[in-house]
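The values are calculated or read from the model by the stated rules, or taken from the named source; none is laboratory data. What you are looking at is a predicted structure, and each value in this text was computed from that prediction instead of being measured. Here Cβ is always computed from backbone atoms with ideal geometry, including for glycine, and neighbour counts include all displayed protein chains.
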């Protein structure tokens, strides 16, 4: 009370009761703050450069990969950076070590597990089935249609399920019409001996998830498959 009574009507920062030792204390405390601020700004610049990276990369088989633009980390600390921050996604080209192109695509697709299903969702924070396959393949230079039946035209038909490989697209009948293509997924693994395969896809109730071909719902809806990737 004594301090404020003597400083009434004056600027408290330069008030006469503030003694030299008090000012010295404030000055000393300001240096760590300034130092931390400078370190933070320098770190932001570095992180921003790391997040942005290059706009284009070359995948394992020399396929040109277009990297989506990143949000500057410092200018948007609280903004959503789906590709590089929320999902902690490495650039697709980083998958190349000991990976085939199909392996890279599957690994990349797995990063979106549990992302919610939204009709006409094209990602990366929401997907429908064909929007998911379009988004994943587009990261590796393949421009699939947004419409599931048209994606069948992006490759050649695989007639027998036992011939499926990782990265192939499988097509299923819709919820209302089992005989008409209404769903698409990406093959994860195939087990011909047990007549089954697993696939990753965007589903209405679970979002992006991995399912098995032997599940009753999919057994009765399987229609066909196609191979978009090079048949190595």
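None of 130, 138 is surrounded by fewer than 17 Cβ atoms within 10 Å (Cβ to Cβ) and at pLDDT 95 or above except 138.
The set of residues in region 191-208 being surrounded by fewer than 20 Cβ atoms within 10 Å (Cβ to Cβ) and over 19 Å from residue 120 (Cα atoms) consists of 191, 192, 193, 194, 195, 196, 198.
Residue by residue, here is whether (1) assigned to a loop (DSSP other than H, G, I, E, B); (2) assigned by TED's automatic domain parsing to the domain that holds residue 115; (3) out of contact with any strand residue (DSSP E or B) (no Cβ under 6 Å at 6 or more places or on another chain) holds:
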{"site": "153", "(1), (2), (3)": "no, yes, yes"}
{"site": "162", "(1), (2), (3)": "no, yes, yes"}
{"site": "175", "(1), (2), (3)": "yes, yes, yes"}
{"site": "179", "(1), (2), (3)": "yes, yes, no"}
{"site": "183", "(1), (2), (3)": "no, yes, no"}
{"site": "200", "(1), (2), (3)": "no, yes, no"}
{"site": "214", "(1), (2), (3)": "yes, yes, no"}
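Of all the residues in region 120-142, those that are touching a helix residue (DSSP H, G or I) at 6+ places or on another chain (Cβ under 8 Å) and in a loop (DSSP other than H, G, I, E, B) number 8.
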